[in-house]
Amino acid sequence: MRLVYEFRLPDTGEGVAEGEVVKWLVKEGTEVKENQPLVEIMTDKVNVEIPSPKAGTVLKLMAREGDVVKVGQVLIVIGAKNEIAPTSPEAIIQVESDRPTTGQTSMIGSPPERSQPHEILATPATRKLARDLGVDLALVHPSGQGGRITDDDVRSLMKGTRATTVSTAKLATDLEERVPLRGMRRKIAERMSKSRSTAAQVTHVEEIDMTEIVELREKTKTGTENRGIKLTYMPFIIKALIPALKQFPYLNSTLDDEKQEIVLKKYYNIGVATDTEEGLLVPVIRNADHKSITQLAEEILRLSEKARAGQLTLDEVQGGTFTITNVGSEGGFLATPIVNWPEVAILGVYKITKRPIVMENQITIRNMTNLSITFDHRVLDGVMAAKFMNSIKQRLEDPKILLIESY
């Protein structure tokens, strides 16, 4: 028997309960030094490298790339130099096991625990065979030791169905491509599903005359560009948003379902949804109410560049109180964004276009757009949402009202 060190997924940030294995940076048999990066883990849309807590030899990787592991679950087994990694059938990768994690060391080669009803125990090779044959392991009756599924179990299930399904399966394989739901896309899917299943979401839409904002931006963008700052419409929208949030504080809140309390936030951390190759990220501009138009523009540029480079930290994507999503640059007249849970509202910004409107009984051409507010109807009613949007509308249509400190 040999004492080895089981390294478990540590708590990488406040409120993080699990992470996805994005990429292993070591292999079994690799000698590692203390603090050497072992694995890249995605938590809350941010990738973090986990360093080794001690020097030694990698005996076993306990999760595959794409697996989701919980905080406290064994990630990797490290042993003494030249120690051989276990190769017995009992050394099965078990992902998302509910087995309690007590202590930091174990004895390799100890008898396997009895399988729980919800667990699917199979070696990586058997899992690959099942994937290649299109077999759902949840439907396979295990015959191996400790409830383990064997290769023969997988093939036995196929015998009764192969004759009638092989041609259909081949046709489906030829015409379909399966893309694993992993990484950023899986995290986005989880967050969106959580939001839709939790909040009672309603969308209100308001038409905004952006003509004066367009003119103001044209007058000032040359000066900001000379300073290396790209001035978009987003800083103006944030400037109009903050007073509205202060006037209607329920829009800047979260709902604590467990305690049945509405938590009104008296600080203004504005998330700005940013499109990246990996998916939609929401970096957060902290204390946006204390920033000028120019400072907001600088912060938006800095965070968007870090988002697209995959360099955001946990601190830069957590702690938001309200989110803005902008599809204006790609066009679009209207959408119904999903609330960025646990927040209670999200502002949608759309393309500015020239439209004919009636002003003082005359038809004239103005730069118009739509703004939408999707909100949790459990926390606020439609009348409050409409008043909130009117407050934003008033400031955008008359930018003199905006408290612009500098550009």
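Nothing in this text is a laboratory measurement; each read-out follows from the coordinates by a stated rule. Bear in mind that the values here come from a model prediction, so they are computed numbers and not experimental data. Virtual Cβ from ideal backbone geometry, glycine too; neighbours counted across all protein chains shown.
Quick check on region 185-401: of the DSSP beta bridges with both residues there, what percent are antiparallel, nearest 5%?
On the way: 31 of 38 bridges.
Of the beta bridges lying entirely in region 185-401, close to 80 percent run antiparallel.
Couplings 3J(HN,Hα) of region 265-281, computed from phi: 8, 9, 9, 10, 9, 9, x, 10, 4, 10, 7, 10, 5, 8, x, 7, 10 Hz, in residue order, whole Hz [Karplus 6.51 cos²θ - 1.76 cosθ + 1.60, θ = phi - 60°; x for Gly and Pro]. Cross-link pairs exceeding 31 Å in C-alpha to C-alpha distance, out of 221/265; 265/400; 351/387, comprise 221/265.
How high is the FRET efficiency between residue 125 and residue 202 when r is their beta carbon distance and R₀ equals 56 Å, given to the nearest 0.05?
Numbers: r = 51 Å, r/R0 = 0.91.
Efficiency, rounded to the nearest 0.05: 0.65.
Residues whose amide H comes within less than 5 Å of that of residue 62, counting only those at least five positions distant or on another chain, are 76, 77 (H built at 1.01 Å from N in the peptide plane). Residue separation of residue 263 and residue 360 scaled by 0.36 nm, minus their Cα-Cα distance, works out to 30.6 nm of gained length.
If you plug the beta carbon distance of residue 220 and residue 139 into 1/(1 + (r/R0)^6) with R0 = 56 Å, you get a FRET efficiency near 0.30. The aspartates and glutamates within cross-link reach of residue 291, meaning a Cα-to-Cα straight distance under 14 Å and a gap of 8 or more places when in the same chain, are 299, 405.
For the residue pairs 239/259; 33/306; 23/60, the C-alpha atoms sit more than 25 angstrom apart in 239/259; 33/306.
Here the simple spin-label model places points 7 Å from the Cα toward Cβ, and for residue 313 and residue 179 these points are separated by 3.2 nm.
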